[in-house]
Amino acid sequence: MTPFLRKFFRKVWEKKEADKSTNQYCQYDSETLTLFTSSLYLAALLASLVASIVTRKLGRKLSMLFGGLLFFAGALINGFAKAVWMLIVGRLLLGFGIGFANQSVPLYLSEMAPYRYRGALNIGFQLSITVGILIANVLNYFFAKIKGGWGWRLSLGGAMVPALIITVGSLVLPDTPNSMIERGQTEEAREKLKKIRGIDDVDEEFRDLVAASDASKLVEHPWRNLLKRKYRPHLTMSILIPFFQQLTGINVIMFYAPVLFNTIGFGDDASLMSAVITGIVNVAATFVSIYGVDKWGRRFLFLEGGIQMLICQAVVAACIGAKFGISGNPGDLPKWYAIVVVLFICIYVAGFAWSWGPLGWLVPSEIFPLEIRSAAQSINVSVNMLFTFAVAQVFLTMLCHLKFGLFIFFAFFVVLMSIFVYYFLPETKGIPIEEMNQVWKSHWYWSRFVEDLDYPNGGMEMSKGGHGSKNV
C-alpha cells in the first residue's frame, strides 16, 4: 500500500514516485524493506529450536498455545506501529509464533489422524494457510481503498484473528496420545485414544505407541542421535525437503505478489486483485491435494507438480524477458501479454499448491520415529525458515540483477528436486506413522543405512484407526 511505503519506507516511495519509467526490476530494491519482510522468518527459525524442547517436554498443545500468544502480540504491535523499529519487533514476535506453530501443528495432525486419512487431514494445515492468504488479499484490496491511508493498520493488525483461533483451539483440543504417553500419562492416553478413534478396541495401537515411547526414552540426546547412521534417511529428508520447497520460487509469486504484478505493469489495485486471483487458485488446488494425496500417493503429486511448475517458469521467463528485456522498461504492455503471464502464474501456483506446498510439511512430519520426532521436526522448520528468510532477504536484489533470469534460477532447482524425489523419496501413503521405518528398509538406497537390528519389530504394521494388522 502506498501510504504504508510513504510512512515507513519513504526512500522506496520516493524512488517509486519520482520516475515512473525507472527500471521495473529494481523499483523496490531496499535493504530496510527486505529486512522488515524477512525478519519474521529469522525469528521463526530461532523459535523452532526452542519449540522442539517445549513440544517434547510439555506437549503439542502448550507449544501451539505459545505460538498463538506470540503471534497475537506481534500483530497487535504491528497494527499500532509508529516507527520502523515497532514494525520489525512486531514481525519478530510473529516469527516466534510461527516457529512454535510450525513445530507443533504438523506433528499434532500426523499423530491424531488415522493412517488411512493422515495425508488429507494433515494437508488441512496447508489449506488453512492458503485460505488465510486468500482472505488477507481480499481484505487488503478493500483496506487499500480506505480514505486517510490508514488501511494498512487493519491489514497488519488483522493477524490477531488467526492468532486468537490457534490460541483458543490449543485450549479446547486434546493433546495427542503419543505426547501423553511420552510424558508418563499412560492411562489418560488410553482413554483419549478410545475417544479419538471412536472404538474401545485400541489395544494394538496403544501397545505400539507405548513401545515407541519406551524406545524414545532410551534416547538421552535426540539431537545427537539424529547423526546416527540409521537416521540418515530422516535427517536427509528433514533438510532437503524444506530446502527444495523454498527454492521452488513460490515465495517470489505469493509473498511478493503485489510487488511482482505491479512490476510487470499493473496498477496498485490490479496488483492486489491479481494476488486475489492466485489466492483462489491456491485454495482450489489444495483441495485437489486433499483428495489425491491418500489416493494417488505423495510421489505422484511431487513429480507432477514439479513438471507443471518447470513448464510455467520457462514460459513466464520467456514472456517477461521478451517485453522487459535487460533494461526493465517494458513500454506499453498489451492486454494479451498480461493475460498470458497471469494464466501461467496461476497454473504454476496450482502445481505448487497440490504438491510441494502441502507435501513439504506432510512428508517430514510423518516419517520421523518418536525418539527423534521433535528434534527432527525442529530441523525441518529451521531449514524451512532459514531459506524462506534467505529468499525473502535477497529476492528484490536478485530481481534487480538477474531480471527475468530469476525464474530460470528457480527452474533449475525444480529440476533438481524432481530428480531427488524420483530416486530417493519412498512412498509413504497408507503406512502407520509408528511403522514408517519399513519404507527405508525396502528402499533401494536407504536400506544400506537401516538394518533389521535397528527395528526388530518392524515386520508387522499395526492398523491404526482400523482393525487387524498387515505385513509390510
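The values are calculated or read from the model by the stated rules, or taken from the named source; none is laboratory data. Keep in mind the model is a prediction, meaning the values are calculated, not measured. When we count neighbours, we look across all protein chains shown, and the Cβ atoms used for this are built from the backbone with ideal geometry, even at glycine. These accessible areas exclude ligands, DNA and RNA; they are computed on the full protein's heavy atoms, side chains included. Shrake-Rupley method; radii C 1.70, N 1.55, O 1.52, S 1.80 Å.
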_From the options ARG91, ARG6, residue that is within 30 Å of LEU402 (Cβ to Cβ), of a type in the set (D, E, K, R) and either at pLDDT 85 or above or open to solvent by less than 30 Å² (accessible area, probe 1.4 Å) (or both)_ = ARG91
*If you take the residues in the stretch 172-225 that are closer than 19 Å to GLU435 by Cβ and of a type in the set (Asp, Glu), which one is most open to solvent (accessible area, probe 1.4 Å)?*
ASP201
*asked:* Condition check: open to solvent by 30 Å² or more (accessible area, probe 1.4 Å) and under 19 Å from the mean Cα position of the chain (by Cα). Does LEU58 satisfy that?
replied: no
*Matching residues in the stretch 167-182 - criterion: being touching a Phe, Trp or Tyr at 6+ places or on another chain (Cβ under 9 Å), of a type in the set (Val, Ile, Thr) and assigned to a helix (DSSP H, G or I)*: THR167, ILE181
*State yes or no: is LYS20 at pLDDT below 85 and assigned to a helix (DSSP H, G or I)?*
no
*From the set of residues in the stretch 63-81 that are modelled with pLDDT of 90 or more and open to solvent by 60 Å² or more (accessible area, probe 1.4 Å), which is farthest from GLY169 (Cα to Cα)?*
LEU76
*Could you tell me whether any residue of the stretch 106-116 is part of a helix (DSSP H, G or I), open to solvent by less than 40 Å² (accessible area, probe 1.4 Å), touching a residue at least 40 places away in the same chain (Cβ under 8 Å) and within 24 Å of ALA392 (Cα to Cα)?*
yes
*Consider only pairs whose beta carbons are under 9 Å apart and that are at least six residues apart or on different chains; among these, list those whose first residue lies in the stretch 76-87 and is polar (S, T, N, Q) and whose second residue is open to solvent by 10 Å² or more (accessible area, probe 1.4 Å) and not in a helix (DSSP H, G or I).*
ASN78/ALA159
_Single unsatisfied condition, GLY132 versus (1) open to solvent by less than 30 Å² (accessible area, probe 1.4 Å); (2) within 19 Å of the chain's Cα centre (by Cα)_ = (1)
*Out of the residues in the stretch 345-391 that are at pLDDT 85 or above and polar (S, T, N, Q), which is farthest from LEU226 (Cα to Cα)?*
SER355
*Kindly provide the set of residues from the stretch 359-377 that are under 13 Å from the mean Cα position of the chain (by Cα), of a type outside the set (Phe, Trp, Tyr) and under 18 Å from PHE100 (Cα atoms), ordered by number.*
GLY360, LEU362, PRO364, SER365, GLN377
_farther than 17 Å from ILE250 by Cβ, surrounded by fewer than 21 Cβ atoms within 10 Å (Cβ to Cβ), aromatic (Phe, Trp, Tyr) and in contact (Cβ under 8 Å) with a residue 24 or more places away in the chain: is that true of TYR445 in this structure?_
no
*asked:* If I filter the stretch 137-154 down to residues being touching a Phe, Trp or Tyr at 6+ places or on another chain (Cβ under 6 Å) and crowded, with 19+ Cβ neighbours inside 10 Å, which single residue comes out as farthest from ASN78 (Cα to Cα)?
replied: GLY151
_Condition check for TYR422: out of contact with any strand residue (DSSP E or B) (no Cβ under 6 Å at 6 or more places or on another chain) and open to solvent by 10 Å² or more (accessible area, probe 1.4 Å)_ = yes
